[in-house]
Every structure is written in C-alpha cells, then in structure tokens.
Amino acid sequence: MVSRSAASGSPQTQRQRAVARIDQNAPINFTFDGRSYRGFAGDTLASALLANNVHLVGRSFKYHRPRGIMAAGSEEPNALIRLGKGAYAEPNLRATQIEIFEGLYAESQNRTPSLKFDIGAINSVLDRFFPAGFYYKTFMWPASMWMRYEHVIRHAAGLGKVADDHNDPDRYEKTHAHCDILVAGGGATGLMAALQAAKSGARVILADEQNEFGGWLLGEADIKIADVPALSWVSDIVTELAAMPNVTLLPRTTVFGYLDHNYLTLNERVTDHLPSRPAHLPRQRLWKIRAQQVIIAQGAHERPLVFAGNDLPGVMLAGAVRTYINRYGVCPGQRAIVVCNNDDAYRTALDLHHAGAYVVVTDLRATATGPLMRAVRNAGIEILHGHAIIAAYGTHRVARVEIAPVDDSVTAITGDIDHRDCDLIAMSGGLSPAVHLHSQARGKLQWDDAKLCFRPSATHEPSFNIGACNGSFDLVAGLKEAVRAGTKAAAATGHKATTLDTPDVQIHKQSWRPLAAWKIPNGHASGRGPKAFVDFQNDVTASDVSLAAREGYQSVEHLKRYTTTGMGTDQGKTSNINALAILADALGNEIPAVGTTTFRMPYTPSNIGAIAGRDIGDLFDPVRLTRMDDWHRAHGATFEHVGQWMRAWYFPQDGETMQQAVNREVKAARTTAGLLDASTLGKIDIRGRDAAEFLNRLYTNAWSKLGIGKCRYGLMLKDDGMVMDDGVTTRIGENHFHMTTTTGGAAGVLDWMEEWLQTEWPDLEVYLTSVTEQWAVATLSGPNAGKILQDAGIDFDLSPAEFPFMSMKEGHIGGLAARIFRISFTGELSYEINVAARHGLALWTRLMAAGKAYGITPYGTEAMHVLRAEKGFIIVGQETDGSVTPHDLGMDWIVSKTKPDFIGKRALARHAMEYDDRKQLVGLLCSDPATVIPEGAHAVLDPNQPLPMKMLGQVTSSYFSPNCGRSIAMAMLKGGHALKGQTVFFPMLDGSVLKAEIVDTAFFDPKGARIDG
Amino acid sequence: MLIITCPFCGPRDEVEFACGGEAHIARPLADNKISDADFADYLFMRDNPKGLFLERWRHSAGCRRWFNVARDTVSNEIVEIYPMGSLPAKTAAKTTYKTSWRRDTAAEKAATPSRSKAGGSK
C-alpha cells in the first residue's frame, strides 16, 4: 500500500492516503539538518518528517542515544529541534507542535558533528560510569577543582542552543482579559462545556494549544457523535461558538499557568505558523485572564511502557501512531508491533492494519475480551496474550524485538524468547490525566486504583475538571461532565441555559482498567542488560530510579532532583507515573503513599519574549526628566540614573575628562557660584491641625517651636532606631510644612508617613500631598550667589539679617513667583529656589544669564557629592545602609532627649546600641594625597596579620577634593570614633596596601565660616 | 494573583497593593519598663502561619489607604477585609486574633491602654 503522494517528485514514501486535515494540493518545502523535504499544508514538522520516513530526529541529553518522534502533541519528550536561523533561532521546540510553512529551517540538537554519527554517544557505552547522580558523585572533590568542573558540566548540560544573536527581532504583545468562564482545552469535552456555558450568555473564552479544535478526535477515524463523524460534530460546534458574540476562541493558545484567584496565563502563537510574519501582528501574545470560573479539559497523556530499548526511533505511543495515520495520512511503519496493558491500543492495531501495515499485538494481560479485541481478531491480526516486548534493538531505528511470555504481574519471563523483525513499536501503558493546571492551582490529587492514575480531587479555586483530565476517559462520561460543568459554571456567574442533551456516541466499547505493569522484565538484574527508559528527555532509566531508592532517595522530591526525572522541558508528562510506580515498587510501598512532585507552571515552555512583551528597552521602566533637562542636554551634560530620574552628572567642556570637569565645577561653587538642578528632591506638602506634632514624632529632633518661615534639618529613623532618610523641612504656616526628602527616598517616605498616620496615629489630623513634580528647583551656591540673585531680579532684601541661614521667603525673581530657601548642602552661601514646575527652565536660563558675568558654573550630581563630602555631610544610602544610628554618624546633637516619643526612640535605648564595636562614621586622609581610596575598600589595623584579616569596616565615600587639594574619604569603621588619629590600612586586590589617617569628617571650612558668603 | 477588595475602591488586582505584614501588633508606649527582649516581640517577631493570617494591606497604586485582611495562607482565600483600628468579625478570624501569642506579651500590655483594648491598630 505504499504509494507516492500527489506532489510529483516528493519522496513522502510514508504518506498513505488522502485525509481531511492534510491539503495534498498545497506542498510545502522545508529543510531539516541541511536536507530539503516536502510536506503538505496541515502537517507538523513531526508528521512531515515521518512522511519522508525520517525517524531519527535528535540525540538524547546524557547518553546521546538516537531518538525519534514518540508522541504527537505537547508531551513529546524526544523530538526537540532548533527552529530558524540567526537571531530568529529558537531551541527545544517540539517537532510535534510545529506547523510547517514554506522555507521552514530546522536542525537537530545534541549532536557533534552529525545526527547519524555523534561522538557523545560514547557516553552510552560508558554508561556504567554515568549512574544516577553522576555529577553529584563525581565532581565533588577536590573543592579547588570545582571551577574547572563547572565549565565541563555547563558544556555537557542543557538541551539546545539559544540564538547566537541575543537581540530577538520579533515583537510580542500582552492582552489582559476578563471572562465569566475560561475553558482550557478544546477537545470534545471542552467544546461541549464551552457550548453549554456560552448558551447561557456567559462570556466564554475557549483556548486550545493546537491549530484546530477537536483535541484527540483529530487523530481518530471511526468515531461518530450525534450520528455524524466526530470531526463534523466538532466543526458544527466550533461554527456555532464562533458566531456567538460572547465567545472568544483562541486556537494555538496554551494555557500554561494557573495562579491564585482564577488568574491564568496563556501563550498565543499568533504568527509562528506563517512563512513570513505580517508587520501588524505580533509573533506571540501573552494573555493574562481573570476568569470567574475555570473549566479544565486538558485531556490525558498516554504512558510509555518501560522495556529495554524503548527509546529507539520507531518506538512510539500507540495513540500518537493513530494520530499520524488518521490526521496526517502518514503510517509511521510497515511492520508494527503493538505492545500494551490496556484495550485502547487495540484501536491502533486496527488503524495500522487498515493503513496496510503488518501488525502483531503483544498484550501484557493474560486475557482480554470485548468488541475491540474481537474486531482485531476478525481482521486477522495476531494477538499474543500474556506476552511482552522484553527488548527492542536497532541502530538508528527499531529493527527487531524479543517477545516472551510473562507472568500475570509482568515481573518474570515464563517461556522462550521469540525474535521478530519490525520497524515500528506502538506502545501503550495506560493514560495519565493531565492534572497540571489543577495542580498548579494547588488542587489535590487522588490515586485511582482501577484506572491506575492520579485524578484531581479538592481545589481551592472555582474550577471544574472534565473528561480525560478528570480520569473520565470514556467519551460519553466526559460529555456528561462537560454539560454539567458548563451549566454549573454558568450558574455560578449568574447565567442560565437549558441543559443540552449529551449526544449519542458511536465508538467501540472498551475497558479503562489497564494492568499494572510498570517495569517489563528482560531477564537481567537491575542495572545490567540494555537500558529501559522512564524519562526519555532526561535519560533516566528504570535502574536509575531503583538505584536512587537503594541509595536512600526515598522521597519523591529527592528522587526527582537526584535523577532529574520529570525535569526538563516536558516536565515529566510521559514519565512521572512510571517513575513513581517504580520508586514505590523499590520501596515496597503503594503509589499514593509515595505521592507526586509538584506541578509548576509553565505547562509547556513559554517564550521569554512573550513574557517580556513590549516592556523592554526604553519601555522597561519610565524615565523621569526635570524641567531643565533640555538645557542640560543642549549643554553637553552627562547623565546618571537616580531611581527613575535622569540627573545631570557633570557638564564636560570640550575635551575635559570627568575628573577635570568635576574639579572645575567643585572649584567654581566655592570661588564664585555653581548652579545645580535639584528638582528631583522629594517634596511633601504637610497640612493639618496636628502637622507639627506629627513631625515631632516622625523626626528625632523637636519641631513644635520652629518659627513660620524657618527651616530645620531632620533625621528620620525606622522604629528600630536606624536612619532611613533625611532632609530639610520648612514651616510655611502654623499648620503647614514643606518637607524635602532624598531623591530616591521620596515615595518610600510618603508611604512611611501615611502608614503611621493611618495605622498608628489615626487621631492626628494631618494631610500629605506629594509635590515633587509641582516644583522645579535650582540651587545657587557660592560666594557670588547673592549678587547673582540680585542681578536676576529678586524682589526682597537678601542681607543675612533680613534673610538668615535656615529660613524661607516667598517672592519673585524676574517676575517668577518663587519660594527661596536659604539652606546649604555645600557649606557655601546657598539658595534653593523653588518655582512652579512650568517656570523651571525660565528660572534656570535667567540665573545662568545673570551669573554669566561672575562665571556661574552649572554642576551635576558628582560635584554635589564632592562638595557635601568636603563638608562631611552624609548621604543616606551611601554612608548608611539600614544598620546605622544617629550616634554611629556622630549626630547625637539631632536626637532629642526630652521628647516623650519619636519613631525609633525606644530602640535607641536598647543595650545593643551601646556596644563599642558598632561601625561609626569617620573621615580618612590617604597617606598619598593624590590617591583616592576606592569606595568599598575594607580597612584593617594591621596589613600583615594572617588571613582571614580582621576587618574594621569600609570606605563609604571617597573623592579627590580640589578645594582641599587632596583626596578625602569617609568610612564606617568599628569603634571608629575612638580611633581618631590612628592609621588604618587598605589591602588592595593587586597586593598593594593603602594607608590612611583617621580624622574628623569636616574636611573643608570646619567652622562653617562661609555660610553667609 | 490575588483579587483584593479595597474597602474604598472595590476589587482590584494584587499588583495595585502592597502587603504590610502582620496586623494587630500594638506599639509599646515610649515610657515603658519592658525589657529589650519583650520590646523585640513588637519590633522583630513576626508570625508566618500556615492557615488564617491577619495582615495589613495598602492600596498603594490606588487610594493609598491601609486596611486589614484575614487571608488563608494555604488557599489564599480572603476571609475578611476590615478597617484599620478594628477587629475582625468572622468567627475564624476572631479566633485567630484571640489565640495569637501576642495577646499575652508584655509588649502588647505596654501599648496605649485604650489601643490595647481595641487590640491595637498597627
């Protein structure tokens, strides 16, 4: 019956016959491992390769054994390929799920240099040296070799290779959606449930991972539903659903995550199946759906049987063989042996027979009766009851099997071994419900001793499991569940519809009770003889599982990590139950007592690009710009990120290095005037009857008596006594304050204040408003600052008597209404000029113009840091790290002794605060004035002490100070306050040692003589 | 992702909220005689139960208001949402409150007397 297909010249030797899902008039050319092949529209890469009689498609993970196509869907463990070229390449895709398109380019994985000849396959010969836990056992000693081992392991581990070009050129989108009912899975039961629910008017989303709806029915030939062929019934329902405005159909969409409160994540492959991707469509779309009710209709996965050589190309799951024959018109072999422990595989025998293959059925069960067996027998197919394939052999494809009679429990060979030639084995070990989504939502499982599978039981989420994923393998039972779930889910969302009749189903009656046969004997002791695989993707054999159990890995979670069973991209869809059963057997325990590992998302791997969506590059995080930003850019500023803000870092003039520019800016601020854009400082408007009392409790110092128009510096602690923020707050009116915070701390401080107001002191009447972005701030600093302000047109008297340090006045500068604060972060005469944000740029340019005659110099954050360090002013988050008290900073003066309470007061009185080895803030002068000690360098008292050295603490700020004419630094050192005058050492990475003297932190103008200009 | 019903804005996704940790930890008054160890019960010790947990949440990307939530940490079921400064009304949540080890601590007794009666609001 082997026939040439319609496309002339195509060597699709295994294409059997015309089937509805394949368009033989639409040939498609594709490339696999450098060779050109032809398939048809409707093919997957797997079906097209099988049509071309290609079974060998990859090498295995550990032993580099030849592997073929085992399944026909998302559970495929073996046929992982790398799709596409260059930046478009994507590894580890399942050939069984890739729809082919013209020009498709695919490569096999895990082979060097070629698929047919792979040097890694030596691992298979050396398998005695690769037992379970091989890496753990081998690469332990000596510890000093670990770095080198790691390189070897990293090279050996992993599956496919990611794209060489890491800039993914594709576009991905995200969609958020709500619905009344989400149906996961569009097979027979999913469709039925969706229809029942949709008829009620409820908003329904139906998603299925395949390119068309119908689930397993797409791979069946002989089923009728409602007196029509099953797929006609399917297409009628799909047509009806598609016409309903309350229904969204999502084919090619995998529900891969089920999170709390019915929040589900779906990956829609929008254009992956197209030869070229239209510009207006994303490649994939991530759906985030909140559903009131969820109906899970995920179906079931067929289990392999564990016999020696069960991983050879040409050994396939029986249901998959049926799918290739009926859906794709491809018969994967001509001499087939069906081996099974259940009735269902007999349907594969029939379909193989009708496709023209020679078939033998090897049934592990001693007896099996029913209409299916009768049909098989009547077709003249040989059935061997109580027999098993005890070993399969072949090089790149199965060629020969050993068949032997076995005892009732399939633990011993009871007779002579018979040899048969074959090119296909269709195996079936029963069905495992796909409980993944149910389990992701932390639903419980129960063991069904009759059907030999885990089924869903209790769940916290409002959801239903129906059909095969609920262990209801019988189609009629599944459809009944679907109608029931559709009705109930609709009712729960307030919708009602007449209950649909469950349609009649014509299908061979069969039993769903397989025989428990987890490991087929091969006449050898465990660990000897040819390998029988449990987990194909991770190359875990039955003897690996037994060995792990003998070595004490008795918990299923330990077994998983030790042997890697159930890991990898298929997450053990085909292997989990077999591994559990073999572990249970080795432990002499029952399967439910051994339990299962946790199913976690994703159900199938999801592209990271889809998860990132558009939130990449410039759209990764918002950027905040000040109103003067345009000016900074026009004047060549270099920028740094401070939280989300972009702040001018320094303003290099032609040819200047950073150090030269910063030196010039720092000098200018002390010799004439500097101008800083301080708009990013956090600003909080505080009003209300109890505003002063609130500040009293919030800051460590006293606020009640602060006069109107006066400013005060404050330190804020957490309730554990540690410094969390600082800033200057000004009394605008009796019950009105203006607070400034650090740039990075603004949002956190506002939250902090709200928390205390709302949760601890709700009796206080205080209202907080963030006004950071309402004000633009220019800080004018330096001896000429007052003159420049005059020239810029200030409308009030600036004399220190009228406008003293630490006060605020409202007035106008060249007509711009302004709040001017006489506060200083440089130690110079300094004005922080606040204007309405929209006037920010006008203010800046006016000040620059007025200051031109004086050599006004714009400076950035780096110069700001140097200027404050010259004065010994701290920066919260640089000198402090959440473990520093005011005392540690030498700032006892700011902590009130008389206030009854403030946040952190009680904690400061803790005994532990008195330890004299707390790290304390000190100044450092390096013995070489030209050397700037690196920030983060660790100090020791004796650089010659043996390793590990006793470390005193670390440098927190370190700069070259042009105004001091030397390097300066600050550090947090253990007991630092008592060490003043002593020398400490800094051993460097290059072996050199820096030396510094411990001094006060005020390096420049320690008496503060320059504050009035 | 949880759905949390903000008492002021209605049901919203969890991403709009920030969890503020355990609820009903009364803050000892500043002038108290409790030991550092007792004070640590307030300052550092936090419960992490399997089951019903009374915790504080803030609608940080919404109205910025704080409120209390009784949440089952196993199922993530939200049993009750109730205002700051009040105690839960549902029986299970009430029991959780009453049986907390905190009710016997010196730290709680050293909190404002009036607040301690209300069970503390923070």
- Taking strands (runs of 3 or more DSSP E) that do not extend beyond segment A:627-700, which have at least 3 residues that are aromatic (Phe, Trp, Tyr)? A:645-650
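Which one is surrounded by the fewest Cβ atoms within 10 Å (Cβ to Cβ), of the residues in segment A:731-779 that are of a type in the set (Ser, Thr, Tyr) and within 14 Å of chain B (Cβ to nearest Cβ)?
Across segment A:731-779, the extreme among qualifying residues is A:769.
Residues that are charged (D, E, K, R) and surrounded by 14 or more Cβ atoms within 10 Å (Cβ to Cβ): does segment A:645-663 have at least one?
Checking segment A:645-663: at least one residue is charged (D, E, K, R) and surrounded by 14 or more Cβ atoms within 10 Å (Cβ to Cβ).
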- Message: Just to verify a result, which residue in segment A:267-306, among those that are out of contact with any helix residue (DSSP H, G or I) (no Cβ under 7 Å at 6 or more places or on another chain) and among the aliphatic types (A, V, I, L, M), is farthest from residue B:1 (Cα to Cα)?
- Response: A:305
- Just checking, how many residues over segment A:837-859 are over 13 Å from residue A:674 (Cα atoms), of a type in the set (A, V, I, L, M), surrounded by fewer than 23 Cβ atoms within 10 Å (Cβ to Cβ) and touching a Leu at 6+ places or on another chain (Cβ under 8 Å)? 1
- Looking only at segment A:327-349, which residues are surrounded by fewer than 24 Cβ atoms within 10 Å (Cβ to Cβ) and outside any loop (DSSP other than H, G, I, E, B)? A:335
- Message: So residue B:47 ticks every box in (1) within 9 Å of chain A (Cβ to nearest Cβ); (2) in contact (Cβ under 8 Å) with a residue 24 or more places away in the chain but one. Which box is left unticked?
- Response: (1)
- Message: I'm checking my understanding of the structure. Among residues of segment A:890-909 that are under 45 Å from the mean Cα position of the chain (by Cα) and of a type in the set (Lys, Arg), which one is surrounded by the fewest Cβ atoms within 10 Å (Cβ to Cβ)?
- Response: A:905
- Message: I want to confirm something. Restricting to segment B:18-29 and keeping residues that are part of a loop (DSSP other than H, G, I, E, B) and not basic (Lys, Arg), which single residue is nearest to the other protein chains (Cβ to nearest Cβ)?
- Response: B:29
- Message: Among the listed residues A:984, A:993, identify the single one that is surrounded by 15 or more Cβ atoms within 10 Å (Cβ to Cβ) and under 29 Å from residue A:944 (Cβ atoms).
- Response: A:984
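Has segment A:519-528 got at least one residue that is of a type outside the set (Gly, Ala, Ser), more than 14 Å from chain B (Cβ to nearest Cβ) and outside any loop (DSSP other than H, G, I, E, B)?
Of segment A:519-528, the ones of a type outside the set (Gly, Ala, Ser) are A:519-522, A:524, A:528.
Narrowing the set further to residues that are more than 14 Å from chain B (Cβ to nearest Cβ) leaves A:519-522, A:524, A:528.
Applying the additional criterion that residues be outside any loop (DSSP other than H, G, I, E, B) yields none.
No, segment A:519-528 contains no residue that is of a type outside the set (Gly, Ala, Ser), more than 14 Å from chain B (Cβ to nearest Cβ) and outside any loop (DSSP other than H, G, I, E, B).
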- Task: Name the single residue, out of those in segment B:30-44 being at the interface with another protein chain (Cβ under 7 Å from one of its Cβ atoms) and over 15 Å from the mean Cα position of the chain (by Cα), that is nearest to residue B:95 (Cα to Cα).
- Result: B:39
- Message: Would you confirm whether or not segment A:767-777 contains a residue that is of a type outside the set (Ser, Thr, Tyr) and farther than 26 Å from residue A:861 by Cα?
- Response: yes
- Query: Quick check: is even one residue across segment B:76-96 within 11 Å of chain A (Cβ to nearest Cβ), under 30 Å from residue A:443 (Cβ atoms) and outside any strand (DSSP E or B)?
  - Reply: yes
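How about segment A:366-407: which of its residues are assigned to a helix (DSSP H, G or I), hydrophobic (A, V, I, L, M, F, W, C) and surrounded by fewer than 19 Cβ atoms within 10 Å (Cβ to Cβ)? Walk me through it before giving the result.
Here is the first cut: in segment A:366-407, the ones assigned to a helix (DSSP H, G or I) are A:371-378.
Checking which are hydrophobic (A, V, I, L, M, F, W, C) leaves us with A:372-373, A:375-376.
Once the filter is applied, which keeps residues that are assigned to a helix (DSSP H, G or I), hydrophobic (A, V, I, L, M, F, W, C) and surrounded by fewer than 19 Cβ atoms within 10 Å (Cβ to Cβ), segment A:366-407 yields only A:375.
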- By residue number, the members of segment A:406-426 that are closer than 21 Å to residue A:582 by Cα and touching a Gly at 6+ places or on another chain (Cβ under 7 Å) are A:406, A:413
- Before we move on, is residue A:932 surrounded by 20 or more Cβ atoms within 10 Å (Cβ to Cβ), without any contact (Cβ under 8 Å) to a residue 40 or more places away in the chain, more than 14 Å from chain B (Cβ to nearest Cβ) and closer than 30 Å to residue A:658 by Cα? no
- Note on the structure: The residue that is modelled with the lowest pLDDT, considering only those in segment A:545-578 that are more than 23 Å from residue A:160 (Cα to Cα) and touching a Leu at 6+ places or on another chain (Cβ under 7 Å), is A:554
- Task: Give segment A:701-729 a look and list any residue that's crowded, with 22+ Cβ neighbours inside 10 Å and either among the basic types (Lys, Arg) or outside any strand (DSSP E or B) (or both), or say none.
- Result: A:703, A:721
- Name every residue in segment B:59-71 that is surrounded by 18 or more Cβ atoms within 10 Å (Cβ to Cβ), of a type outside the set (A, V, I, L, M, F, W, C) and within 9 Å of chain A (Cβ to nearest Cβ), in order of residue number. B:60
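Quick grid of which residues meet (1) more than 18 Å from residue B:17 (Cα to Cα); (2) touching a residue at least 40 places away in the same chain (Cβ under 8 Å); (3) assigned to a helix (DSSP H, G or I); (4) in contact with a Phe, Trp or Tyr (Cβ under 8 Å, 6 or more places away or on another chain):
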position: A:743; (1), (2), (3), (4): yes, yes, no, yes
position: A:748; (1), (2), (3), (4): no, no, yes, no
position: A:751; (1), (2), (3), (4): no, no, yes, no
position: A:759; (1), (2), (3), (4): no, no, yes, yes
position: A:764; (1), (2), (3), (4): yes, yes, no, yes
position: A:769; (1), (2), (3), (4): yes, yes, no, no
position: A:778; (1), (2), (3), (4): yes, yes, no, yes
- The lone exception for residue A:863 - which of (1) more than 40 Å from the chain's Cα centre (by Cα); (2) more than 14 Å from every other protein chain (Cβ to nearest Cβ); (3) small (Gly, Ala, Ser) it fails: (1)
- Query: Tell me, which residue of segment A:871-913 that is in contact with a helix residue (DSSP H, G or I) (Cβ under 8 Å, 6 or more places away or on another chain) and among the charged types (D, E, K, R) is nearest to residue A:761 (Cα to Cα)?
  - Reply: A:901
- Query: What pairs come up if the first residue lies in segment A:538-562 and is on the phi > 0 side of the Ramachandran plot, the second is of a type in the set (Ser, Thr, Tyr), and their beta carbons are under 9 Å apart, counting only those six or more places apart or on different chains?
  - Reply: A:539/A:60; A:539/A:63; A:539/A:564
- Take segment B:13-46 and flag every residue that is buried (at least 17 other Cβ atoms within 10 Å of the Cβ) and not aliphatic (A, V, I, L, M). B:14, B:17, B:20, B:22, B:24, B:27, B:28, B:38, B:39, B:41, B:42
- Query: Can you name the condition, by its number, that residue A:468 falls short on among (1) over 19 Å from residue A:346 (Cα atoms); (2) within 35 Å of the chain's Cα centre (by Cα)?
  - Reply: (1)
- Message: Looking at segment B:95-104, can you tell me whether even one residue there is without any contact (Cβ under 8 Å) to a residue 60 or more places away in the chain and buried (at least 19 other Cβ atoms within 10 Å of the Cβ)?
- Response: yes
- Starting from segment A:889-904, keep only residues that are without any contact (Cβ under 8 Å) to a residue 40 or more places away in the chain, then list their pairs with residues that are surrounded by 19 or more Cβ atoms within 10 Å (Cβ to Cβ) and in a loop (DSSP other than H, G, I, E, B) whose Cβ atoms are within a distance under 8 Å, requiring at least 6 positions of separation or different chains. A:892/A:886
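The values are calculated or read from the model by the stated rules, or taken from the named source; none is laboratory data. Everything numeric in this text was worked out from a predicted model, so none of it was measured. Cβ coordinates were reconstructed from backbone atoms using ideal geometry, including for glycine residues, and neighbour counts include every protein chain displayed.
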